[in-house]
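Report on the following structure.
The values are calculated or read from the model by the stated rules, or taken from the named source; none is laboratory data. Since this is a predicted model, take the numbers as computed values, not measurements. Note that each Cβ is placed from the backbone with ideal geometry, even for glycine, and that neighbours are counted across all protein chains shown.
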Ligand SMILES: [Zn+2]
Ligand SMILES: [Zn+2]
Ligand SMILES: [Zn+2]
């Protein structure tokens, strides 16, 4: 299972376009791994997680051919995770030689509503409209998504929007994707235990950076990330071979990539950056 983080920034990206705080100014000056676009991840070459406004730029910057992507799992409809303008170019004269005739969205029912509203707003033709399909995820049930088995779990984040975190199985490999999410509640940890697997990789929300433990109910801090890693190992949901990664970093509570890596030194937790790639 190849996992590529296309965008490692939080809600406003990092640097935030309108912001002149010292972290944003430093990121602009340093460039490279300090430039974090909106959250999106690619699994192998055919499964996306989320579709933010930066999707076009991600495809260009990282050499990703979206015509080879069969499906996108949507975590939730916050603006930094779901502005599916790029779906308006799926098909017709805008996309030749598509590998898959249809593009399949998976998520809560509001994913369909939002995307259809966008089609209406821009007067998208039936050729493109009919090629984009929507599938509702029922939490805690297994859904077949292309060649993957996927389980959506209720996220501790924007609960009224039915936000989802995901468990993704690619043959014998498995990923726990916790973006966006606060520290998981006991019910979810029990559910993960019941799956009786050790995850190959765990990707964690780190929006609250250097903030205190449980600084937010709906996002995690670095202390929460380190605690969660130990908790998952204790519960035998993960072990020392599990790859742990943090992403969704923001200017308010995170400094440079280098300083963040320094904080995580010795924890065996990787700090993601745009273009970070692992194979598990
Ligand atoms: Zn977010
Ligand atoms: Zn800033
Ligand atoms: Zn969110």
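Just the residues that are within 16 Å of ligand 2 (Cβ to nearest atom) and out of contact with any strand residue (DSSP E or B) (no Cβ under 9 Å at 6 or more places or on another chain), please, taken from the stretch 23-81.
Once the filter is applied, which keeps residues that are within 16 Å of ligand 2 (Cβ to nearest atom) and out of contact with any strand residue (DSSP E or B) (no Cβ under 9 Å at 6 or more places or on another chain), the stretch 23-81 yields 25, 26, 28, 29, 30, 31.
Condition test on residue 12, is it in a helix (DSSP H, G or I), farther than 18 Å from residue 129 by Cα and touching a residue at least 60 places away in the same chain (Cβ under 8 Å)?
Numbers: in a helix (DSSP H, G or I): no; farther than 18 Å from residue 129 by Cα: yes; touching a residue at least 60 places away in the same chain (Cβ under 8 Å): yes.
For residue 12, the condition - in a helix (DSSP H, G or I), farther than 18 Å from residue 129 by Cα and touching a residue at least 60 places away in the same chain (Cβ under 8 Å) - is not met.
Just to be sure, is residue 141 surrounded by fewer than 18 Cβ atoms within 10 Å (Cβ to Cβ) and touching a residue at least 24 places away in the same chain (Cβ under 8 Å)? Before you say what the answer is, go through the steps one by one.
Numbers: surrounded by fewer than 18 Cβ atoms within 10 Å (Cβ to Cβ): yes; touching a residue at least 24 places away in the same chain (Cβ under 8 Å): no.
So residue 141 does not fit the description; no.
In the stretch 75-108, which residues are within 16 Å of ligand 1 (Cβ to nearest atom) and not in a loop (DSSP other than H, G, I, E, B)?
Result: 82, 107.
Could you give every pair whose Cβ atoms fall below 8 Å, whose first residue belongs to the stretch 155-182 and is modelled with pLDDT of 95 or more, and whose second residue is within 16 Å of ligand 2 (Cβ to nearest atom) and outside any strand (DSSP E or B), counting only separations of at least 6 or pairs across chains?
179/248; 180/207; 180/248
Given the conditions (1) touching a helix residue (DSSP H, G or I) at 6+ places or on another chain (Cβ under 7 Å); (2) more than 14 Å from ligand 1 (Cβ to nearest atom); (3) assigned to a strand (DSSP E or B), report the number of the one that residue 204 does not fulfil.
(2)
Please work out which residue is nearest to residue 196 (Cα to Cα), limiting yourself to the stretch 163-180 and to residues that are within 12 Å of ligand 3 (Cβ to nearest atom) and assigned to a loop (DSSP other than H, G, I, E, B).
Restricting to residues being within 12 Å of ligand 3 (Cβ to nearest atom) and assigned to a loop (DSSP other than H, G, I, E, B), the top hit is 179.
Scanning the stretch 222-250 for residues that are more than 16 Å from ligand 3 (Cβ to nearest atom) and assigned to a loop (DSSP other than H, G, I, E, B), which turns out surrounded by the fewest Cβ atoms within 10 Å (Cβ to Cβ)?
So, considering only residues that are more than 16 Å from ligand 3 (Cβ to nearest atom) and assigned to a loop (DSSP other than H, G, I, E, B), the one surrounded by the fewest Cβ atoms within 10 Å (Cβ to Cβ) is 240.
Considering only the stretch 152-163, state which residues are within 13 Å of ligand 1 (Cβ to nearest atom) and in contact with a strand residue (DSSP E or B) (Cβ under 6 Å, 6 or more places away or on another chain).
Passing the criteria: only 155.
How many residues does the stretch 259-279 contain that are farther than 24 Å from residue 55 by Cβ and either in contact with a strand residue (DSSP E or B) (Cβ under 6 Å, 6 or more places away or on another chain) or touching a residue at least 24 places away in the same chain (Cβ under 8 Å) (or both)?
So the answer is 7.
Taking the stretch 15-56, which residues are closer than 18 Å to residue 85 by Cα and part of a loop (DSSP other than H, G, I, E, B)?
Of everything in the stretch 15-56, those that are closer than 18 Å to residue 85 by Cα and part of a loop (DSSP other than H, G, I, E, B) turn out to be 37, 38, 39, 50, 52, 53, 54.
Pull up the stretch 141-159, narrow it to residues that are within 14 Å of ligand 3 (Cβ to nearest atom) and assigned to a loop (DSSP other than H, G, I, E, B), then point me to the one that is nearest to residue 177 (Cα to Cα).
Among them, the one singled out is 155.
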